[in-house]
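Working notes, structure below.
Read-outs throughout are calculated quantities, based only on the coordinates presented, and are distinct from any laboratory measurement. What you see is a predicted model, and the numbers here were worked out from it, not measured in a lab. Positions of Cβ are generated from backbone atoms using ideal geometry, with glycine treated the same way; all protein chains shown enter the neighbour counts.
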Amino acid sequence: MRYRLITAVLAVWGLSGAAGAIELSELDGSPVSSMQQLKGKVLLVDFWASWCTPCRKSFPWLNAMQQRHGGDGLLVLAVNEDSERNDATQFLQQVPAEFAVLYDKAGALAQQYQLMGMPSSFLIDRKGQIRYRHIGFKQADIAGYETQIRQLLAEE
């Protein structure tokens, strides 16, 4: 599973050799275009849904991480798993995101990785290896998450 998530994400954006089998779109419905900015970045890929209570608490932290560490090479990508796009839009009106938000229309990416809870996130290093997986979001875990992010950003 080390490369599976990043390979699927990169394939969708045309950054790997394989054709993407999973369709992601921008929240407005437009297809995701090639995102060369992924190469060499530390990725925090977060799966979320509008009905997820911990997601309401994680979004302000994700905003802070993108703002604080974006210049150092962190890129936060949130993948919405709502069955209705409008539910995600309403959530984002209440809890704004200052990072990229994508929509997994069919829930294929979430199903492929058999998410155990919401939110679920993956920290992926600059070489595309999944280094950490988090299920849920608790204030008590923030210091550990931030240590992991700083560690990955410090690596070449």
Only residues in the range 54-72 that are under 16 Å from Leu123 (Cα atoms) and in contact (Cβ under 8 Å) with a residue 40 or more places away in the chain count as the first member; pair them with residues that are crowded, with 20+ Cβ neighbours inside 10 Å and among the small types (Gly, Ala, Ser), Cβ under 9 angstrom, at least 6 apart or cross-chain, and list the lot. Ser58/Ser121
Residue ID - surrounded by the most Cβ atoms within 10 Å (Cβ to Cβ), chosen from residues in the range 120-156 that are of a type in the set (Asp, Glu) and under 16 Å from the mean Cα position of the chain (by Cα): Asp125
Kindly check whether there is at least one residue in the range 83-101 that is of a type in the set (Lys, Arg) and in contact (Cβ under 8 Å) with a residue 12 or more places away in the chain. yes
Among the residues of the range 80-94, which ones are surrounded by fewer than 18 Cβ atoms within 10 Å (Cβ to Cβ) and either within 15 Å of the chain's Cα centre (by Cα) or within 15 Å of Asp46 (Cα to Cα) (or both)? Leu92
At least 3 residues that are over 21 Å from Glu155 (Cβ atoms) and touching a strand residue (DSSP E or B) at 6+ places or on another chain (Cβ under 7 Å) in each: list the strands (runs of 3 or more DSSP E) lying fully within the range 47-145 that qualify. 74-80, 100-103
